[in-house]
Amino acid sequence: MQKKNAAAVMRMILTAVYTAAAVLLQCSVFPHLRLFGAIPELTLCVIVCVSCWEDEKFSCILAVCAGFLLDTVGSDKFTLSPLMFLLSACVSILLAKRVFAGKLIPAVISGGAALAAGAVKTTLILAAKGAPVNAAILHTALPQLLYGAIVFIPVFLLSVLHFRIFRNSFDLGRLRAGARA
Amino acid sequence: MKFFKSKFFIITLIVTVLIAAVFTAMSLFGYSSYIKAGINYVTTPIQKLSDAVGRALDGYASYITEFDKLKKENEELKNQINEMLDDVQSAKGVKEENDRLRRMLEVKEEHLDYKFEPADIVGREDGNYMTVFTLGRGKNNGIDKDMPIISANSGLIGRITDAGATWSKACSIVDMDSSVGAYVERSRSSGIVVGDYELGLRGLCKMAYMQSDADIEVGDRILTSGVGSVYPRGLIIGTVTEVSYDESLRTKYAVIKPYAEISGLSSVMVLTSFERYVEE
């Protein structure tokens, strides 16, 4: 039992490290790799994928912490990311563990919904700052959504790999129980 | 479904909403929190490292989206370089450094009341709706909130928005949160230079709220008015590239090209002290 717990704890620690790295990448590296003038919501993609696999409580705490870290490092005036990340994690948890037995469909649906929500958030903040809504959608929100979708694929595949390496029988039993429910 | 009705989830949701509300309100009213300062204190050195990686990768994405444009530009630049290479090859690096230092000296001699603190840009959070520079110096070096930052050629870049012990954050004049009191050097017509979303995408800003009969022309230099005491009077903001009339506000506005090369900056000067302008 202790061995199983150790594997789960190890996986959670690594997941937290990956998420922190995603925040730093989003704030420092991706601004230099803009596509069509936008940067992707990398951290949001990580949160959505993690929530599909991980424990519900851990996913929620990680989502809130990652959102707060992102807004702090990015010096955002609006600290809305914790709430948005928490809601995205909830959608993932709900779809992955309650509605669907498989993991690919819920991850894609919740990833798409989260990225769309991210684009809406960007549009709303730009509109609140006085930018024309049409231009904000065209020049920033839409490219951000598309770039996010591109980034989501490798993030999801890496999350699958990560879970397969560190999974244990406790997780499998929990997933089967979730699927039956 | 049981999880979403659990005490844990409800408490987490309430705490998150409170965090969002409290920190957004604090930020909007200009208060900075110790938690944010602490996080920035830890992350700034790591950010410096990851930003170096980002700088190394700079522009790679544009190969995909702007390949044809870049190819054409590359050919033009190659021709230009060939023409210029003979003239400047040997002394180029030394000359540039010399020019930069001379400009700094000129600014100091011209404005005896100015006190500078040079600072390197260690990070650049170029988000989807803002551009924030992280500087590698902070309160320990006399840098504090609302101090103006200028380039080596005395062009206004922006102002410090937040400062910790070893770091500080600054926003540029093309940012939508920026507003600077300004006047036209030639005619003394006044207005406010503000960031504009669409112009900001092209690295430009806007001089707004000018009287409908204001005397302003393309090519005019725009300087800071010093009103509001954040910026000293007479700093060069930029030059006018376009003049238009806003029908809804019934005011004139001008598109400004910043004098300082904001996109390619690696170091700046923070004006830690200057004589405040008093309107007569």
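One table, with the values for the structure above:
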| quantity | calculated |
| --- | --- |
| Shielding by other protein chains, A:49-56, mean Cβ within 10 Å | 1 |
| Helix B:34-57 vs. chain B, principal-axis angle (Cα, 0 to 90°, nearest 10) | 50 degrees |
| Listed peptides A:40-53, A:130-143, B:17-30, B:231-244 by packing density, highest first (mean Cβ within 10 Å) | A:40-53, B:231-244, A:130-143, B:17-30 |
| Highest-fluctuation residue, B:Leu204, B:Leu70, B:Leu13 considered, GNM on chain B with Cα pairs under 10 Å | B:Leu13 |
| Exercise: per-residue mean of other protein chain Cβ atoms within 10 Å, A:58-69 | 2 |
| Enclosed volume per residue, in Å³, of the convex hull spanned by Cα atoms of the protein assembly as shown | 180 Å³ |
| Options B:Ser178, B:Gly195, B:Val230, ranked by Cα towards positive dipole end of region B:142-239, top entry (Cβ charges) | B:Val230 |
| Simple spin-label estimate for B:Leu57 and B:Val218 in nanometres, 7 Å along Cα-Cβ | 4.0 nm |
| Fully extended contour minus Cα-Cα distance, from B:Lys5 to B:Ile35, at 0.36 nm per residue | 7.8 nm |
| Between helix B:67-88 and chain B: long-axis angle, C-alpha atoms, 0 to 90°, nearest 10 | 50 degrees |
| Estimated dipole of region B:126-199 in Debye, rounded to 20 [Cβ of Lys and Arg +1, of Asp and Glu -1, Cα centre] | 340 debye |
| Degrees between helix B:7-28 axis and first principal axis of chain B (Cα, 0 to 90, nearest 10) | 30 degrees |
| Highest average packing first - A:58-67, A:146-155, Cβ atoms within 10 Å | A:58-67, A:146-155 |
| Size of electric dipole in region A:1-154: Cβ of Lys, Arg +1 and of Asp, Glu -1, about Cα centre, debye, nearest 20 | 260 debye |
| Peptide B:49-57 - average C-beta neighbours from other chains (10 Å radius) | 5 |
| Linear extension gain, B:Glu242 paired with B:Leu101, 0.36 nm per residue minus alpha-carbon span | 47.5 nm |
| FRET efficiency for B:Glu110 and A:Val160, using Cβ-Cβ distance with R0 set to 60 Å, rounded to 0.05 | 0.45 |
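Where a number appears in this text, it was derived from the coordinates with a stated rule and is not lab data. Because the structure is predicted, anything quoted here is derived from the model rather than measured. Cβ coordinates were reconstructed from backbone atoms using ideal geometry, including for glycine residues, and neighbour counts include every protein chain displayed.
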